[in-house]
Ligand code: IPM
Ligand code: MG
């Protein structure tokens, strides 16, 4: 199989973890006789520094022409005070919107070797295996109007939370499809006791549910969900929710697994899918060979599975990660006493060796 991948390392630890993931892909290519061609592209702070804008046309063009996109992370203190349209994060939002990636899949699965790295009790987290399906191109992130203006003699900032029926329907369908292939349990998370967008959300989800009688649907308010995720995460299998709620809940779900440095994501819905770790650019540890490459390596496994239909290859990566963890190798974020502490490069090497 021959595939072209647009590679966007981005900023901070993005470049380090992406380098690790490409090493894994190279080994997979060799072992399984595939050709992966990488096209490097700029986005975020890296693009701002060279081109003056966060998401160059060239990057979008490359992404649209490729078979998949791999992104590291964008952002950093250097660009934090930039005006809104020149913030690195705009690149990420632009890629999602322009590529039509409305379905963000964020699995939070606890590796058994890591139960002790979680901040929660072993009994609570052991066996947790959740997928958060986050709507990615609507809601407060993109709703118009948004901006700043003067009202009654003071500045106000405003955003619009808006969802159309069709936007809710397609993400609900994605979530039901995923739930159907797992334990057939779907929890739709909203704030329907307060928000009109959530009332519409719930109505449409209920309509879509009629097509999936085999899937058990429940509804939960987002505040309660954030509590339930900590109290008893094992009650969840697939969670579907709007953009901002999903942003928050997926970080929370990630932390159940011990570290956000473990969590991969896939953004689907368009013709080209994008894969990225859930974590950010972590400027505090950037360039120090400290970052955990596992989230990005697991993202590449998702790419193989979802975009290229290469499940065997994806499983090989997953198994290698599992093996390395059970042998006691850890990066700093998941380190516990008695384990072997490794840097980004060394961890990558271990995963290569165990493939
Ligand atoms: C994420 C991030 C992004 C988001 C930021 C960096 C724009 O937090 O992917 O979860 O809010 O979607
Ligand atoms: Mg986030």
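Where a number appears in this text, it was derived from the coordinates with a stated rule and is not lab data. All of these numbers come straight from a predicted model, not from anything done at the bench. A quick note on method: Cβ atoms are made from the backbone with ideal geometry, for glycine too, and the neighbour counts reach across all protein chains shown.
Things to note:
- In percent, rounded to a whole number, the relative contact order of segment 193-292 is 15, using alpha-carbon pairs under 8 Å and six or more apart.
- Per residue, the convex hull volume that the Cα atoms of segment 1-95 enclose (Å³): 76 Å³
- Using a cutoff of 8 angstrom between alpha carbon atoms and counting only pairs six or more residues apart, the relative contact order for segment 103-261 works out to 35 percent.
- Rounded, prolate or oblate (a/c below 1.5 giving rounded, otherwise prolate when a/b exceeds b/c) for segment 27-82 by Cα gyration tensor: prolate
- Protection proxy ranking for 319-325, 111-117, using the average of other Cβ atoms within 10 Å per residue and placing the highest first: 319-325, 111-117.
- Förster radius 35 Å - calculated FRET efficiency between residue 31 and residue 185, Cβ distance, rounded to 0.05: 0.45
- Ellipsoid fit via the Cα gyration tensor, segment 1-50: semi-axes of 25, 12, 5 Å, each the root of five times an eigenvalue, largest first.
- Neighbour-count ranking [beta-carbon atoms within 10 angstrom, fewest first] of 93, 341, 217: 341, 93, 217
- Rg and Dmax, both from the Cα atoms of the chain and both in Å, are 20.0, 66.
- Added length on full extension, which subtracts the Cα-Cα distance from 0.36 nm per residue, residue 123 to residue 194: 22.1 nm
- Highest average packing first - 47-53, 20-26, Cβ atoms within 10 Å: 20-26, 47-53
- Relative contact order (percent, whole number), the chain, Cα cutoff 8 Å, 6+ residue spacing: 22 percent
- Each part gets one Cα centre, and for segment 172-186 versus segment 28-92 those centres are 31 Å apart.
- Of all DSSP beta bridges in segment 103-261, antiparallel share, percent nearest 5: 45 percent
- CD proxy at 222 nm, helix term only [per DSSP H run n ≥ 4: -39500 (n - 2.57); per residue of the chain; nearest 500]: -12500 deg cm²/dmol
- Beta-bridge orientation, the chain: approximately 40 percent antiparallel, per DSSP, counting only bridges with both partners inside.
- Residue 228/residue 323 FRET efficiency (R0 30 Å; Cβ-Cβ; nearest 0.05): 0.40
- Highest-first arrangement of 121-128, 54-61, where packing means the average Cβ count within 10 Å: 54-61, 121-128
- Debye-sum result for segment 103-261 in log10 I(q)/I(0), which assumes one identical scatterer on each alpha carbon, at q = 0.10 Å⁻¹: -0.39
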